Amino acid sequence: MVLHKAVLTIGGKEFHLEKNISISTGVRTGFLVGGSGSTLMSVVTSFLDDGNPLNASGEQRSGMFIDLGGGVRMVQIEAHSYEGNANPFGGSGGADPWTQADELVHAIETTQIDSRGTATLEYGEYSSGGKYGPIPVVIEEPTVQLDAERGQIAEFSLTCLKAADLTDIDFSDAISQPF
């Protein structure tokens, strides 16, 4: 089932983001060797004989890329909360939007969110009832905009980065083994 909102779980608290929601997703690629590989490519091709097809076609100025799965999946979320929002929002559903904003910021600020204890993001097919399941994430650059003139609305913007969840991995053998 497709989830037409975002549910962010931080430290056991659920925050339902659905009003005026905008989700942008993509992958920040992380090449082992990236565009600067063109210098490496020039060095490699300079040692090859003149029969090398890279030298003949002028490809020595092409970048060399090696992708070993580096990079990270990212999801940018922008949404509003509003007066009367009764959806679960930490512990402040139904409260004033400024209270809801403070609840989210406080949860992010006081919860250690990393690969040893991720937050969880659900949206679209990445949900409990979807094709792919929830995404373990860390949160980057969360911002909240509060405007006294529009006191009934709080605007949220944050980026979630997919994180390896290491909570179920037993590192005790690796630590106790000598090198």
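Laboratory data are not the source of any read-out in this text; all were calculated from the coordinates shown. Note that the structure is a prediction, hence the values are computed from the model and not measured. FYI the Cβ positions are ideal-geometry reconstructions off the backbone, even for glycines, and counts take in every protein chain you see.
Summary of computed values
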{"quantity": "Residue-span extension gain [ASN20 to ARG116] - 0.36 nm each, minus C-alpha spacing", "calculated": "31.4 nm"}
{"quantity": "Sparse-neighbour loop sites [GluC sites (Glu not before Pro); the range 72-118; at most 15 other C-beta within 10 Å; DSSP]", "calculated": "GLU83"}
{"quantity": "Trypsin sites (Lys or Arg not before Pro) within the range 73-146: DSSP coil, no more than 14 neighbouring Cβ in 10 Å", "calculated": "ARG116, LYS131"}
{"quantity": "Pairwise FRET efficiency - HIS106 versus TYR82, Cβ, R0 = 22 Å, nearest 0.05", "calculated": "0.70"}
{"quantity": "Hypothetical label at MET74: residues of the range 13-27 whose amide nitrogen lies under 13 Å (7 Å Cα-Cβ projection)", "calculated": "24-27"}
{"quantity": "Cβ-based net charge around ARG73, under 11 Å, with every Lys or Arg adding one and every Asp or Glu removing one", "calculated": "+2"}
{"quantity": "Stokes-Einstein D (µm²/s) once Rh is taken as the Kirkwood radius of the range 69-179 over alpha-carbon pairs, at 10 °C in 1.306 mPa s", "calculated": "99 µm²/s"}
{"quantity": "Whole-Hz couplings from phi, Karplus 6.51/-1.76/1.60, listed for the range 67-83; x for Gly and Pro", "calculated": "10, 10, x, x, x, 8, 6, 10, 10, 9, 10, 10, 7, 10, 10, 8, 4"}
